[in-house]
Amino acid sequence: MLKKLLMAAALSAIAASAIADNAARAQAEQTIAMKDGSTLYIFKGGKMAMEDKLGRATRMEQGVVMETKDGQKLIMHGDEVGRLAPLLKQDHRGA
Ligand SMILES: [Cu+2]
């Protein structure tokens, strides 16, 4: 019985974190998983921002070649860290 309750708690925690990710993802046209565990956000107009694997908005030089999780190469365009940071802060509030 206790095991079942713990399981339910774990599942609802997962669901909550999926929902909590929405503010940043809703603002982006597209998000792409990167090979190093970070996430690339592409905003309308093609400007990009990076979220590191710990969920923090991170700086990245424009023009740097990055590799996606599935092995594609992308070139960093823009560095919208100031745009992504408050969205991520909103998403991770209380976490
Ligand atoms: Cu990048």
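Values quoted throughout were computed directly from the atomic coordinates according to the rules given, and no laboratory measurement underlies them. Please read these numbers as outputs of a predicted model, since none were measured by experiment. Cβ sites come from the backbone with ideal geometry, for glycine too, and all protein chains shown count toward neighbours.
Other residues with beta-carbon under 13 Å from the beta-carbon of I75 carry, at +1 per Lys or Arg and -1 per Asp or Glu, a net charge of -1. Modelled spin labels at R56 and A85, positioned 7 Å past Cα toward Cβ, are 1.1 nm from each other. Please identify which residues in region 22-57 have an amide N closer than 12 Å to a label point set 7 Å out from the Cα of H77, following the Cα→Cβ vector. Output list for this probe position: 42-49.
Loop-located GluC sites (Glu not before Pro) across region 38-95 with a Cβ neighbour count of 13 or fewer within 10 Å are E61, with loop assigned by DSSP.
Residues with beta-carbon under 14 Å from that of Q62, excluding Q62: net charge, scoring Lys, Arg +1 and Asp, Glu -1? So the surrounding residues net to -1.
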